[in-house]
Amino acid sequence: MSKKALFIIPPERFNEDELFKPKEALEQAGVTVTLASTKTGEITGDYNGKATADLVFTDAVLADYDVVSVIGGSGTNDYLWNNADLQALLKQTHEQKKLLAGICAGSVAVAQTGLLSGRTATCYPVDVQKDQLQSHQAEYVAQHVVEHSDIITADGPDGAQDFGAALVKALQ
């Protein structure tokens, strides 16, 4: 599969399982995964795991990617929620008929675009995230992964493996 994925992570405190498990699933299926953030270079996760952002997400050329996914972690709330540049990128992703995805707090970043309005979605099962989904007219459901033909959301570390599998399936 010669597909490409853009994973957007916060500039600090991404969740390791939410990044590494779906990334591994995609790479095993032959998908090239590029990591992007608000800065380039080494980024430290919630549990001191390391990842390297190759790109500032505002410099991403959407035509190069088949899927754009926002990864969660405690830094996502601080740096990616209510980020106007990210919301614009996610809306453009959807307008260009590319697969859009979010896991945990990343699901909230997707919901904040309004693209989940009137749809079911999932996120990490804490009130602050569930309230965000609901305030953007998305119906929260307690399951690991919610798949629509154009948007996939996942609940967090427990659903990270299933999220990766759903992304692989959607790209086939």
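What to note about this one:
- Relative contact order of the chain: 23 percent, from C-alpha pairs under 8 Å at least 6 residues apart in sequence.
- Highest-MSF residue in the chain out of 125, 22, 11 [GNM, Cα springs under 10 Å]: 125
- One chain, two ends: residue 54 and residue 128. Fully extended at 0.36 nm per residue, the span grows by 23.6 nm beyond their Cα-Cα distance.
- Dipole magnitude for the range 1-89: about 120 debye, using +1 per Lys or Arg Cβ and -1 per Asp or Glu Cβ, origin at the Cα centre.
- Nearest-0.05 FRET efficiency for residue 143 and residue 78, computed from C-beta distance (R0 30 Å): 0.70
- Computed FRET value (nearest 0.05) for residue 117 with residue 97, which takes r as the C-beta separation and R₀ as 22 Å: 0.75
- Integer Hz, Karplus 6.51/-1.76/1.60 couplings in order for the range 51-60, x for Gly and Pro: 9, 10, 7, 8, 8, 7, 4, 5, 8, 5
- Computed [θ] at 222 nm, helices only, for the chain once each DSSP H run of length n ≥ 4 contributes -39500 (n - 2.57): -10000 deg cm²/dmol
- The phi-based Karplus calculation (6.51 cos²θ - 1.76 cosθ + 1.60; θ = phi - 60°) puts the 3J(HN,Hα) values of the range 103-116 at 10, 6, 5, x, 4, 5, 4, 5, 4, 5, 7, x, 6, 9 Hz, whole numbers, x for Gly and Pro.
- Residue with peak Gaussian network fluctuation, the chain [Cα springs, cutoff 10 Å], from 156, 49, 72: 49
- Under Karplus coefficients 6.51, -1.76 and 1.60, residue-wise ³J(HN,Hα) of the range 6-15 in Hz, glycine/proline x: 10, 9, 9, 10, x, x, 6, 6, 7, 8
- The distance from the alpha carbon centre of the range 39-74 to that of the range 141-172 is 18 Å, rounded to a whole number.
- Correct choice for Rg/Rh (Cα atoms, Kirkwood Rh) that was computed from the model, options [x] 0.96; [y] 0.92; [z] 1.15: [y]
- Highest mobility in the GNM of the chain, judged by mean-square fluctuation with C-alpha springs under 10 Å and restricted to 71, 43, 151, is found for 43.
- Think of the chain as having a plus end and a minus end, set by charges on the Cβ of Lys, Arg, Asp and Glu; of 152, 122, 37, 152 sits farthest toward the positive end of this dipole.
Read the figures in this text as sums done on the coordinates, not as results from a lab. What you are looking at is a predicted structure, and each value in this text was computed from that prediction instead of being measured. Neighbour counts are summed over all protein chains in view; Cβ atoms, including those assigned to glycine, are modelled from backbone coordinates with ideal geometry.
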